[in-house]
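Q: Below are the structure tokens for one structure; questions will follow.
Rule-based calculations on the coordinates, nothing more; no lab input. Here the structure is a predicted model, which means the values were calculated and not measured. A quick note on method: Cβ atoms are made from the backbone with ideal geometry, for glycine too, and the neighbour counts reach across all protein chains shown.
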Protein chains: 2
Amino acid sequence: MANVLIVHAHPESNSFSSALARTAAETFVQAGHRVTVSDLYAMSFDPVSARTNYLTVANPEYFKPQAEEQYATEHGGFVPALETEMRKLEEADLLVFSFPLWWFGLPAILKGWVDRVFAYGRIYGRGRWYDQGLGRGKRALALLTTGSPATAYQRGGLHTDLETMLAPLHHGIFAFNGFSPLRPFVSWGAAHIGPEARADQLNALRERLATIWSEPTPVVPEVADYDPQTFADKRRRFLVTVRKPVLPDAPQFVPPKTDQQRLRDLRFAGTLVRALVGGTENGIWQAAFELRASDSAKATSLLSSLSMLSDCELTCTPLDLEREQALSPCWQS
Amino acid sequence: MANVLIVHAHPESNSFSSALARTAAETFVQAGHRVTVSDLYAMSFDPVSARTNYLTVANPEYFKPQAEEQYATEHGGFVPALETEMRKLEEADLLVFSFPLWWFGLPAILKGWVDRVFAYGRIYGRGRWYDQGLGRGKRALALLTTGSPATAYQRGGLHTDLETMLAPLHHGIFAFNGFSPLRPFVSWGAAHIGPEARADQLNALRERLATIWSEPTPVVPEVADYDPQTFADKRRRFLVTVRKPVLPDAPQFVPPKTDQQRLRDLRFAGTLVRALVGGTENGIWQAAFELRASDSAKATSLLSSLSMLSDCELTCTPLDLEREQALSPCWQS
């Protein structure tokens with residue numbers, strides 16, 4: 001038996017988003033888990049982080065949220081509504097955020113739950129973050145609906161890929177606090193699908209949740225890998241390009257499952273940062289990988305163990321992130 | 001003279017974040033612009049999007065926010081507090097969001113301003129988005145403070161790069177509504193710097209704002225480039241790898257300024273999607289570029305015009321985004 005906390009944010013209790021949250025709760029209860037639901041709209045949760053968070057006052061002249069959070073932590077000074085939510089969070093083995101994607105992120109009522117409940121001193125801080133965080137060894141799931149179809153949120157889609165858009169949640173909230181972010185459950189274009197498709201989605205959710213405790217999870221960043229002053233990575237990064245000649249009449253190249261598994265493991269371990277995978281043109285197939293490793297021999301060996309790359313030419317050089325910034329300056333004037 | 005709207009979100013009027021917002025307002029006024037400030041904490045702005053947004057009711061049985069927004073648009077049904085903010089937004093030539101970075105995003109009070117003020121029907125929708133959006137030809141600036149130093153938010157930093165973390169704001173809010181997202185003004189580690197460093201920061205802000213109207217800006221996505229049903233990109237993407245031999249005693253390679261300028265232009269035009277730039281090892285320098293183009297000859301020619309690549313071997317293949325997803329599966333089970 002595990003403790004599941006579902007934090008739900010939709011203003012309409014009969015919405016499909018609310019049906020997803022209810023289905024998740026029922027599924028976990030039926031499987032014997034203990035489920036707590038914070039239905040933020042039903043609770044009229046106030047999302048504005050302010051002095052109303054606290055019964056205590058550390059400094060009446062100047063309001064510095066982290067200082068007040070630290071003081072309230074030391075003096076039992078959180079208002080009961082937050083104290084209750086903090087205890088739910090502290091007890092959760094699985095944290096579920098259930099929401100419609102509003103402006104590519106959390107509805108304000110849920111963002112404010114994060115702003116107020118994840119308090120410095122109480123929930124994180126003083127060394128408790130990432131692999132040292134509250135959620136260490138625990139899991140977190142985003143359960144969301146979108147307005148646009150999946151293809152709008154893929155690489156090359158109008159809205160940019162969902163992985164990027166959810167980075168503030170997956171990396172900045174879940175992993176920052178130690179929770180391993182699971183693959184999100186997304187109901188694409190939920191407003192535009194009929195009752196049958198919705199029933200299928202609810203069934204897909206039930207099936208997914210049945211195995212959610214055994215899904216492989218990405219590791220959260222290990223604080224020891226980063227410089228304690230600058231928080232810059234102490235491990236190095238490498239660019240490995242791979243290429244091979246392909247005969248014009250060769251069959252379509254299909255990467256073996258074992259290679260896919262190995263690459264997912266590298267990704268989940270934080271070793272494979274990104275991959276750019278080409279098709280074939282002019283008799284050449286190529287790809288480029290960004291890897292995090294101790295040295296270039298290690299980076300190369302990580303990839304050379306893949307059977308799909310056994311007949312490829314591999315070229316590995318350290319990444320030069322400063323020069324990359326100068327040459328890919330999205331924000332420089 | 002231009003209209004500047006500063007939407008500010010910090011609970012302490014004497015905070016450095018508030019000083020940045022005040023300095024921005026003063027600088028624009030002194031330059032002869034018309035400045036409107038929405039100080040959300042001072043206004044006790046309610047960030048919870050709900051039926052309280054509207055004087056009208058389209059459907060009393062089932063609350064669907066976009067349907068109510070459309071109905072309120074047609075019937076003058078937004079409550080006065082939102083009507084006022086919508087008019088400010090509609091009149092703004094430059095939109096400034098001023099905030100401390102809380103949990104890698106907007107404080108809830110500001111996220112809720114977005115949730116409620118950017119209403120479907122009134123502000124966006126029915127073809128008004130991206131290059132067809134309200135902010136077409138206008139600019140938007142994020143003015144923010146962080147707790148951690150810049151190095152934590154660079155590529156390879158513990159917190160992941162700030163460009164990724166701000167994508168929901170820059171792409172999903174600013175560009176989605178047609179505003180060109182400017183390079184953000186960031187006061188890194190603002191809580192940990194002294195009065196002199198803060199004065200320097202305020203001066204740097206004044207200098208930046210003096211030229212903000214002439215800064216080059218990235219284009220926002222052009223809706224016509226995307227399939228109207230799937231919102232998938234109709235243009236293609238290419239992986240171009242470049243490499244050249246470097247003599248062991250060659251001086252450190254410094255890309256010429258003209259190349260940097262050209263690459264920034266390609267980035268701002270949406271043509272250069274990303275760059276991975278290596279250092280030199282074993283006598284080889286290499287880099288990998290992802291480009292958006294009509295065909296591979298065009299993609300190659302975009303890079304071959306760079307003087308730094310004149311003596312490089314270029315290999316261009318189309319990107320295979322499906323295979324990439326299979327081989328870099330951050331979320332696949």
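Q: So how tilted is helix B:65-74 from the main axis of chain B? Cα-based, degrees 0 to 90, rounded to 10.
A: Computed tilt is about 60 degrees.
Q: Still on this structure, I have one more. Taking every pair of distinct Cα atoms and averaging 1/r, then inverting, what Kirkwood hydrodynamic radius in Å comes out for the stretch A:176-333?
A: Working: mean 1/r = 0.0523 Å⁻¹.
After inverting the mean inverse Cα-Cα distance, the result is 19.1 Å.
Q: Still on this model: For residue B:64, give me every one of the lysines with a C-alpha distance below 21 angstrom, ignoring sequence neighbours fewer than eight places off in its own chain.
A: Straight-line reach from residue B:64, under 21 Å: A:111, B:111.
Q: Just to check I understand the Karplus step: with θ = phi - 60° and J = 6.51 cos²θ - 1.76 cosθ + 1.60, what whole-Hz values come out for the stretch B:266-274, glycine and proline as x?
A: For the stretch B:266-274, the Karplus-derived couplings read 5, 5, 5, 7, x, 8, 8, 8, 7 Hz, x marking Gly and Pro.
Q: Right, next: Mind listing P(r) for the stretch A:219-283? All alpha-carbon pairs, 5 Å bins, whole percents.
A: 3, 12, 17, 19, 15, 11, 9, 6, 5, 2, 1, 0
Q: Once amide H atoms are built 1.01 Å from N in the peptide plane, which residues 5 or more positions from residue A:284, or in another chain, come under 5 Å H to H?
A: A:246
Q: Let me ask something additional. Rounding to the nearest 10 and keeping the result within 0 to 90°, find how far the Cα-based axis of helix A:16-30 lies from the longest principal axis of chain A.
A: 90 degrees
Q: Moving to a separate point now. Using alpha carbons only, how many degrees (0 to 90, rounded to 10) separate the axis of helix B:80-91 from the longest principal axis of chain B?
A: Here the helix axis deviates by roughly 40 degrees.
Q: Of the options B:124, B:107, B:141, report the single residue whose Cα projects farthest towards the positive end of the charge dipole of the stretch B:106-154 (beta-carbon charges: Lys, Arg +1; Asp, Glu -1).
A: In the stretch B:106-154, that residue is B:124.
Q: For the stretch B:235-323, how big is Rg over Rh, using alpha carbon atoms and the Kirkwood form of Rh?
A: Working: Rg = 13.3 Å, Rh = 13.6 Å.
Rg divided by Rh gives 0.98.
Q: Given H placed 1.01 Å from N in the peptide plane, which residues other than close sequence neighbours of residue A:35 have an amide H under 5 Å from its amide H?
A: A:4
Q: Further question on the same structure: Could you give me the ³J(HN,Hα) list for the stretch A:295-301, computed from phi with Karplus coefficients 6.51, -1.76, 1.60 and θ = phi - 60°, whole Hz, x at Gly and Pro?
A: 7, 6, 5, 5, 4, 5, 5
Q: Rounded, prolate or oblate: pick one for the stretch A:1-46, where a ≥ b ≥ c are the square roots of the eigenvalues of its C-alpha gyration tensor, a/c under 1.5 means rounded, and failing that, prolate if a/b is larger than b/c, else oblate.
A: Numbers: a/c = 3.72, a/b = 1.60, b/c = 2.33.
Since a/c reaches 1.5 but b/c is at least a/b, the shape of the stretch A:1-46 is classed as oblate.
Q: Work out from phi, with θ = phi - 60° and the Karplus expression 6.51 cos²θ - 1.76 cosθ + 1.60, the ³J(HN,Hα) of each residue of the stretch B:179-193, listed in order in whole Hz, and give x for Gly and Pro.
A: 6, 6, x, 6, 3, x, 9, 10, 9, 6, x, 4, 6, 10, 10
Q: Normalise the Debye intensity by I(0) for the stretch B:1-95, one equal point scatterer per Cα, no solvent, then take log10 at q = 0.15, 0.18, 0.20, 0.24 Å⁻¹ and round to two decimals.
A: Log10 I(q)/I(0), no solvent term: -0.70, -0.87, -0.97, -1.16.
Q: Here is a further query. Could you list the GluC sites (Glu not before Pro) in the stretch A:1-97 that lie in coil according to DSSP, counting only those with at most 12 other Cβ atoms within 10 Å of their Cβ? Kindly include the intermediate steps, with their values, before the conclusion.
A: Details: sites: A:12, A:26, A:61, A:68, A:69, A:74, A:83, A:85, A:90, A:91; in loops: A:12, A:61.
Here the GluC sites (Glu not before Pro) that fit, given the DSSP loop and packing criteria, are A:61.
Q: Right, here's the next one. Which net charge results when you count Lys and Arg as +1 and Asp and Glu as -1 among the other residues whose beta-carbon is under 13 Å from that of residue B:59?
A: Values: positive: B:51, B:64; negative: A:12, B:61, B:68, B:69.
Neighbour charge sum, excluding residue B:59 itself: -2.
Q: Can I ask one more? Taking the stretch A:110-208, which trypsin sites (Lys or Arg not before Pro) meet the DSSP loop condition and have no more than 11 other C-beta atoms within 10 Å?
A: Details: sites: A:111, A:116, A:122, A:126, A:128, A:136, A:138, A:139, A:155, A:198, A:206, A:208; in loops: A:122, A:126, A:136, A:138, A:155.
When the trypsin sites (Lys or Arg not before Pro) of the stretch A:110-208 are filtered for loop state and at most 11 Cβ neighbours within 10 Å, A:126 remain.
Q: Also, I was wondering about something else. Can you work out the base-10 log of I(q)/I(0) for the stretch A:39-149 at q = 0.10, 0.16, 0.22 1/Å, using the Debye formula on its C-alpha atoms alone?
A: Debye intensities relative to I(0), on a log10 scale: -0.33, -0.80, -1.30.
Q: Take the alpha carbon atoms of the stretch A:29-73, find their center, do the same for the stretch A:199-236, and report the distance between the two centers in whole angstrom.
A: 25 Å
Q: Sticking with this one: Which value, in Å to one decimal place, does the Kirkwood hydrodynamic radius take for chain B when every pair of different Cα atoms is included?
A: On the way: mean 1/r = 0.0444 Å⁻¹.
After inverting the pairwise mean of 1/r, the radius is 22.5 Å.
Q: On to the next question. Grab the alpha carbons of the stretch B:138-230, take their convex hull, and tell me the volume per residue in Å³. Provide the component values of the computation, followed by the final result.
A: On the way: hull volume 10.7 nm³, N = 93.
That works out to 115 Å³ per residue.
Q: Here's another thing I want to ask about it. Out of residues 5 or more away from residue B:148 or on other chains, whose amide H comes under 5 Å of its own, with H placed 1.01 Å from N in the peptide plane?
A: B:189
Q: Then there is this: Using Stokes-Einstein with the Kirkwood hydrodynamic radius over Cα pairs, what translational diffusion coefficient do you get for the protein assembly as shown at 10 °C and a viscosity of 1.306 mPa s, in µm²/s rounded to a whole number? All intermediate terms of the calculation are to be shown ahead of the outcome.
A: Working: Rh = 26.2 Å.
Answer, rounded: 61 µm²/s.
Q: Using DSSP to call loops (not H, G, I, E or B), can you name the chymotrypsin sites (Phe, Trp or Tyr not before Pro) in the stretch B:173-275 whose Cβ has at most 15 other Cβ atoms within 10 angstrom?
A: B:213, B:253
Q: Separate question: With +1 on the Cβ of every Lys and Arg and -1 on the Cβ of every Asp and Glu, and nothing else charged, how large is the dipole of the stretch A:235-323 about its Cα centre, in debye rounded to the nearest 20?
A: Details: 13 positive and 10 negative charges, 91 e Å.
Here the stretch A:235-323 has a charge dipole of around 440 debye.
Q: Cα to Cα, under 24 Å, and not fewer than 8 places away if on the same chain: which lysines meet these conditions relative to residue B:257?
A: Candidates past the 8-residue exclusion: B:244, B:298.
Q: About the Cα centre of the protein assembly as shown, what is the dipole size in debye to 20, counting +1 per Lys and Arg Cβ and -1 per Asp and Glu Cβ, all else neutral?
A: Numbers: 66 positive and 72 negative charges, 50 e Å.
The calculation lands at about 240 debye.
Q: Moving on. Answer with one residue from A:287, A:79, A:211: the one whose Cα lies farthest towards the positive end of the charge dipole of the protein assembly as shown, charges on Cβ with Lys, Arg +1 and Asp, Glu -1.
A: A:287
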